[in-house]
Amino acid sequence: MGRHRAKIDWWAQGGVRKFRICLFIVILVGFLMGAPAVHALSEDQQLVVDAWSFVNQSYVDPTFEGVPWRRLRQKALEQPIPSRERAYRAIETMLEPLGDPFTRFLRPEQFKALTDSTAGSISGVGLQLGINEGETAVQVISSLEGSPAAVAEIQPGSVILVVEGNSVEDLGLEGVAAALRGPSGTVVEVELVGPDGDRQFLSLERRTVDLRPVRSRRLREDGHTYGLLRIRQFTTTVPDLVSAALAELQNKCIEGLVLDLRNNPGGLVGSGLQVGHSLLDDQPLVRIRDRNGIVDTITADVGTLYDGPMVVLVNSGTASASEILAGALQDDGRAEVLGRPTFGKGLIQTLIPLNDGSGLAVTVARYVTPTGRDIQSTGIIPDQVLAASRREAPEEDDQDPWLERAMVALQNQLHRHEKHIERTAMT
């Protein structure tokens, strides 16, 4: 009887355990079956997630400067996103706490305007614009030669205030660029403040502006023959145009080269580096510091298309890729730099297209010169600082005192080279 009772107790205890397990499984299944289904993200929500992910993977500061970056994604998705416009606003709101004017969302028309700026021609007023780090003011870097902006004598350092009645604060950099462009023959109203503090109200007629990014010609001075190579912007065609120009100038037996980078706002950094390969021989071009603190040095190929005396002209309108090139030529002792301190843009942005035609510009790294100078902090300081002039990059037919100073510098280089040869021969 005792053994029978023990068997019953064992069965009862085991049965209770089995009952509890079954009950737990039933409850769990019931919970899962009764739970609301996890819906797939809508296209508008997915756009926000994609934008967040691209920035998360690429941004130059992996700590996001103390910004709770993951929380911003969650916060964006907590809000209703019933339309594409709301998605755009959510992305803009998400990026704002970074405080980086160069990392920004680009609506389809803005993304197109930015990518179109590297084409061979544009229909607009010919202004190259930029934003200083830590600021929101849209500043004139340069006016393209022969453009409506150049005719109106809009100076580097001018600050755009209003375009077509719209505040620059509302438009942003790409919005300003898009508003200035338009069909040839139409007029755009612009309000700005010049570097002298004078407020200007201008009516500029848009027209197709041929960028003509590369120009070259022969110069003669005191019995010497020099070449002038002027690069206005680094576009996709520039490396080939520079190679052809250098070949043509050397066929004219030039003794020295003036590389004119005045009012060159940059453009495609890759094109600028390719030009550096043409002028430097197995020497460092630039150092790139990425989000992990890793420094990668890009070195010019062995061999060069021109290895003679060289002077580089720069001014406050010289920015980005043109600063990289000028800094490399200066640091490597390849050229003497004359002019005014440059703009100071050493942050690297990459353009990331999103699936609806919009996109992102994201700061991914910093440029420093071969000797470690931070371009973003100081720009390029010329070896010879020249007196500022109202028109630091005159048209071809105008008098150009800076060009005259460059030819004097080339002549001095030639004399030093001749004396070195004489001393070498004597020994």
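Non-local amide H neighbours of L129 (under 5 Å, H modeled in plane, Pro and chain starts lacking H): which ones?
Under 5 Å from the amide H of L129 lie the amide H atoms of I141, each far enough along the sequence or on another chain.
Around T299, which amide H atoms from residues at least 5 apart in sequence, or from another chain, sit under 5 Å from its own amide H, with H modelled in the peptide plane?
L285
Treating only the Cβ of Lys, Arg, Asp and Glu as charged (+1, +1, -1, -1), what charge dipole size does the range 136-279 show about its Cα centre? Round to the nearest 20 debye.
620 debye
Once phi is turned into θ = phi - 60°, what whole-Hz ³J(HN,Hα) does the Karplus curve with 6.51, -1.76 and 1.60 give for every residue of the range 58-73, x standing for Gly and Pro?
10, 4, 4, 10, x, 8, 6, 6, x, 6, x, 5, 5, 5, 5, 5
Between N56 and D170, what's the calculated FRET efficiency when r is the beta-carbon distance and R0 is 25 Å? Round to 0.05. Please list the in-between numbers first.
On the way: r = 28 Å, r/R0 = 1.11.
Taking R0 as 25 Å, the efficiency between N56 and D170 is 0.35.
Whole-Hz Karplus ³J(HN,Hα) for the range 306-318, in order, using 6.51 cos²θ - 1.76 cosθ + 1.60 and θ = phi - 60°, x for Gly and Pro?
Per-residue couplings from phi come out as 8, 10, x, x, 8, 10, 10, 9, 9, 8, 5, x, 8 Hz.
Show the residues, 5+ positions off or on another chain, whose built amide H is closer than 5 Å to the amide H of E221.
Y226
Quick one: if the Förster radius is 60 Å, what FRET efficiency do S243 and S42 give, using the C-beta to C-beta distance and rounding to 0.05?
With R0 = 60 Å, the Cβ-Cβ based efficiency is 0.75.
Stretch N251-L351 to full length: gain in nm at 0.36 nm per residue minus the Cα-Cα span?
Working: separation 100, 0.36 × 100 = 36.00 nm, distance 3.94 nm.
That works out to 32.1 nm of additional length.
In terms of the Cα gyration tensor, with a ≥ b ≥ c the square roots of its eigenvalues, is the range 43-99 rounded because a/c is under 1.5, prolate because a/b exceeds b/c, or oblate?
Prolate shape, in that a/c is at least 1.5 and a/b is the bigger ratio.
Taking the Cα centre of each part, how many Å lie between the range 136-151 and the range 93-116?
21 Å
Each value in this text was obtained by applying a stated rule to the coordinates, not by laboratory testing. None of the values given here were measured: they were computed from a predicted structure. Don't worry about glycine lacking a Cβ; one is built from the backbone with ideal geometry, like all the others, and counts go over all protein chains shown.
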